[in-house]
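**Q** The structure follows.
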Amino acid sequence: MATLTHPHPVAKRLQATPLLRGLFLSFMAFAILLPVIWIASGAFKQLVDIFQLRILFTPTLDNFAAIADPPFLAYQKMANSLIVALWAVVITIPLALLAAYSLSRYRLPGERLILFALLSTQFLPSVVVVLPFFLLFRDLGLLDTKTALVAIKVAMMMPFAVWMLKGFVDGIPIEIEESARVDGAASLRIIRDMVVPLSMPGVITTAIFCFIMAWNEFLFALILTSREAVTLPIALSMLTTDEGDFWHLLSAAGLLVMLPMIGLALLIQKHFTGGSTAGSSR
C-alpha cells in the first residue's frame, strides 16, 4: 500500500489556521493594549524619560503627588466624577427599568412614536443643547454644582437605558408574570421580585455603559463647571498649557481615569459578558 509522504494542502491549511489565528489575535491584543501600557508606564516616568522614549527607567510616584496639589487637585476632581457618575446611574437605571417595562408589557397610545422620540434624542449633537442647559442652570443658580451634572447625565443616558432594558424585558416570558398576577401580585411587586432578578445581567450591562458615558462625558462638564464641580476629564485638559504638555502628569491623570473602568470590568466581567450575550440574542 502506498503511503502519503507529504501532507495534503488542505491538511496544511487546517493545521496552519490555529497558528495564524493565534498570531492575529496576539497582534490585535498588542495593538489595543499598547496605548494603555504606554500611559501606565508614563505615569511613573520623569518628563525627560518620556521625551527620550526610555523603556528602562527608575519609577517615581512624584507625578501622582504633583497632580494632587493646586491647581490640578486631581483626586478632588476624581471624587467629583465618581459622585456624579454613581448618582446618575442610581437615578437612571430604576426609572429606565420602569419605563422599559411599561413599553414592553402595555400597549400604549403612540408607543412607536414614544420609542422613536427617545431614539431621536440621541441624534442631536451635545453642542446643540449645551447653551440652553447653561442658561437654564444659570437661572436656577445651579452652575458649577454636581446637581446640574447629575441632571444632565440622567437626561443623556435615559433614552439609551430605556432602549437597552426594553430588549431584556421583552425576553422575559410573560407567562411568569401572569401566574403571579393570578396570585394577586401588583405590578411593582412583579417588577421587584421577578423582572429585576431575571433581567439582572441586562441591568448590570446597562449600568456599566451608563457609568462609562457619565464618567467620560466632557462637553457639559466643561461648560457647566468652573471650580467646585470640575470632573477628572476636565482636569486632563488643564495639564495642557502655554508652556507645553506635561506628558508625565497627563499620563498619571490618565491612569486615574482608567483605573475605575478597569476595576469595574474585573469585578463584574461575568455579569457583563452574560448581559452582552443575552442582549445580542434578542
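**Q** May I ask you to list pairs of residues, at least six apart or on different chains, whose Cβ atoms are under 9 Å apart, with the first in the range 145-158 being without any contact (Cβ under 8 Å) to a residue 60 or more places away in the chain and within 17 Å of F123 (Cα to Cα) and the second being among the polar types (S, T, N, Q) and in a helix (DSSP H, G or I)?
**A** A155/T121
**Q** Still on this structure, please answer the following. Out of S226, S199, I need the residue that is open to solvent by 20 Å² or more (accessible area, probe 1.4 Å), touching a residue at least 60 places away in the same chain (Cβ under 8 Å), of a type in the set (S, T, N, Q) and assigned by TED's automatic domain parsing to the domain that holds L249. Which one?
**A** Working: S199 fails: open to solvent by 20 Å² or more (accessible area, probe 1.4 Å).
Only one candidate qualifies: S226.
**Q** So, in the range 81-128, of the ones that are open to solvent by 40 Å² or more (accessible area, probe 1.4 Å) and β-branched (V, I, T), which residue ends up farthest from I152 (Cα to Cα)?
**A** Top of the filtered list is I114.
**Q** Just name the residue that is farthest from F209 (Cα to Cα) out of those in the range 164-192 that are open to solvent by 60 Å² or more (accessible area, probe 1.4 Å) and touching a Lys or Arg at 6+ places or on another chain (Cβ under 9 Å).
**A** Restricting to residues being open to solvent by 60 Å² or more (accessible area, probe 1.4 Å) and touching a Lys or Arg at 6+ places or on another chain (Cβ under 9 Å), the top hit is I174.
**Q** Same structure, new question: Tell me, which residue of the range 148-163 that is open to solvent by less than 40 Å² (accessible area, probe 1.4 Å) and in contact with a Phe, Trp or Tyr (Cβ under 9 Å, 6 or more places away or on another chain) is nearest to L113 (Cα to Cα)?
**A** A161
**Q** A further question follows. Of (1) over 25 Å from S237 (Cβ atoms); (2) open to solvent by less than 40 Å² (accessible area, probe 1.4 Å), R54 satisfies all except one. Which?
**A** (2)
**Q** Here's a follow-up. Which condition number in (1) in a helix (DSSP H, G or I); (2) aliphatic (A, V, I, L, M); (3) in contact with a helix residue (DSSP H, G or I) (Cβ under 9 Å, 6 or more places away or on another chain) is the one that L135 fails?
**A** (3) is the only condition that L135 fails.
**Q** Would you mind stating whether L250 is under 30 Å from V129 (Cβ atoms) and either under 17 Å from the mean Cα position of the chain (by Cα) or not assigned by TED's automatic domain parsing to the domain that holds L47 (or both)?
**A** Working: under 30 Å from V129 (Cβ atoms): yes; either under 17 Å from the mean Cα position of the chain (by Cα) or not assigned by TED's automatic domain parsing to the domain that holds L47 (or both): yes.
It is true that L250 is under 30 Å from V129 (Cβ atoms) and either under 17 Å from the mean Cα position of the chain (by Cα) or not assigned by TED's automatic domain parsing to the domain that holds L47 (or both).
**Q** Can you name the residue in the range 129-144 that is open to solvent by 70 Å² or more (accessible area, probe 1.4 Å) and not aliphatic (A, V, I, L, M) and, of all such residues, is nearest to the chain's Cα centre (by Cα)?
**A** Across the range 129-144, the extreme among qualifying residues is P132.
The values are calculated or read from the model by the stated rules, or taken from the named source; none is laboratory data. In this text, all values refer to a predicted model and were calculated from it rather than measured experimentally. When we count neighbours, we look across all protein chains shown, and the Cβ atoms used for this are built from the backbone with ideal geometry, even at glycine. When the accessible area is computed, the model is the full protein with side chains, heavy atoms only, and any ligands, DNA or RNA have been set aside. Shrake-Rupley method; radii C 1.70, N 1.55, O 1.52, S 1.80 Å.
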